[in-house]
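Below is one structure, written out as structure tokens, with a few remarks after it.
The values are calculated or read from the model by the stated rules, or taken from the named source; none is laboratory data. Computed from a predicted structure; not experimentally measured. Cβ sites come from the backbone with ideal geometry, for glycine too, and all protein chains shown count toward neighbours. We work out accessible area using only protein heavy atoms, side chains counted, and drop any ligands, DNA or RNA first. Shrake-Rupley method; radii C 1.70, N 1.55, O 1.52, S 1.80 Å.
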Amino acid sequence: MDRLRAVHEVTVANPRVPEQRAAFFAALSTVHGLIGASYPIDPSVLALAPCLEVVSSVSVGVDNYDRPALRQRGIVLTHTPGVLTETTADTLFALLMACSRRVVELANHVRDGHWNAAIDETLFGWDVHGKTLGILGFGRIGQAVARRGALGFGMPVVYHHPRVVSCPELADKALAVSQAELLSRADFLVLTLPLTVETRGLMNAERLAAMKSGAILINGSRGAVVDEAALLASLDRGHLRAAGLDVFAVEPLPLDSPLRRHPGVTAFPHIGSATHETRHAMAELATSNLLQALAGERPISAVD
Ligand code: 8YV
């Protein structure tokens, strides 16, 4: 904030907070730059922002932004890739471990005073080491998850990506396969792909059924990539063993969502990049992007 205020007049207003909504939309009529995340910037918002030149997103995902509308107006869109890769991969591997070893459930078993005898097989989890790790979407975050599995847990890695990916450090440890083979081989299937027209609803009933029986699904992409009703049906049918979800079609997850308390679901509140260090690094990068673009310079990480 100090860096921004040293150069520009700054209005702080969160349109998701009712008390701040009016201030946000009032400021829109004069602002040249926006910085933030998780709020849809579409033609209805752009119509209220005649002076807008730059949108600096504090996120790597940019599905909140109507990119054709921004391009049509010549508005620069920037984001914060790279700085959050390792933290997000840590989160997704934590979610994978939590699901397979039933960490949340068993920690609560102790907390709730139920540990009154040596545990038996009803409380056993499942091994992670040596199991097949499948990655759908082999970008920066997918490759970082693969490193954790292959180099840290001795897991054979298979992945599917729409283009050929060069990843020398995993050359002999990660195998590119078809989407069908990925679904059939993965003991753990980790989704690390962007939300696009092509990926929206990708993990539907058919693809979930094509997954290996007893597999565990981990979603670190966007909630809308997964058909949540079909996922619940797969869990209830006993086809999938568990699901670890850091993202949801509706966020925050509604209190009446069956995903919130389903025994087969471990749910995180979208904490992929949510560490002090990484969110600070993202804010710094987003600030640099905004300052550079408003100064007419090429920003560090432009999307469009
Ligand atoms: C963001 C994310 O930090 O980067 C993304 O795309 O989903 C998160 O890491 C979150 O959207 C809030 O900024």
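Using the Cβ of A233 as centre and a radius below 14 Å, the other residues enclosed give a net charge of -2, where K and R count +1 and D and E count -1. A simple count of charges around F153, restricted to other residues whose Cβ falls under 14 Å of its Cβ and scoring Lys, Arg +1 and Asp, Glu -1, yields +2. Per atom type, the chain shows carbon and sulfur on 55% of its accessible surface, probed at 1.4 Å. Per residue, segment 85-267 exposes an accessible area of 49 Å² to a 1.4 Å probe, with every protein chain left in place. In percent, rounded to a whole number, the relative contact order of the chain is 19, using alpha-carbon pairs under 8 Å and six or more apart.
Model label sites at S184 and A205, defined 7 Å from Cα along the beta-carbon direction, differ in position by 2.3 nm. Taken about its Cα centre, the chain carries a charge dipole of roughly 240 debye when the Cβ of each Lys and Arg holds +1 and the Cβ of each Asp and Glu holds -1.
For S59, the residues whose modelled amide H falls within less than 5 Å of its own, excluding neighbours fewer than 5 places apart on the same chain, are T80. With Cα atoms defining each centre, segment 200-276 and segment 103-171 are spaced 15 Å apart in the structure. A straight chain from T275 to Q72 at 0.36 nm per residue would run longer than the Cα-Cα distance by 69.6 nm. Structural descriptor for segment 212-304: relative contact order 23 percent, calculated from alpha carbon pairs under 8 angstrom and at least 6 residues apart. Structural descriptor for segment 132-203: relative contact order 45 percent, calculated from alpha carbon pairs under 8 angstrom and at least 6 residues apart. In this entry, segment 85-267 is assigned a mean projected area of 10.8 nm², taken as a quarter of its C-alpha convex hull surface.
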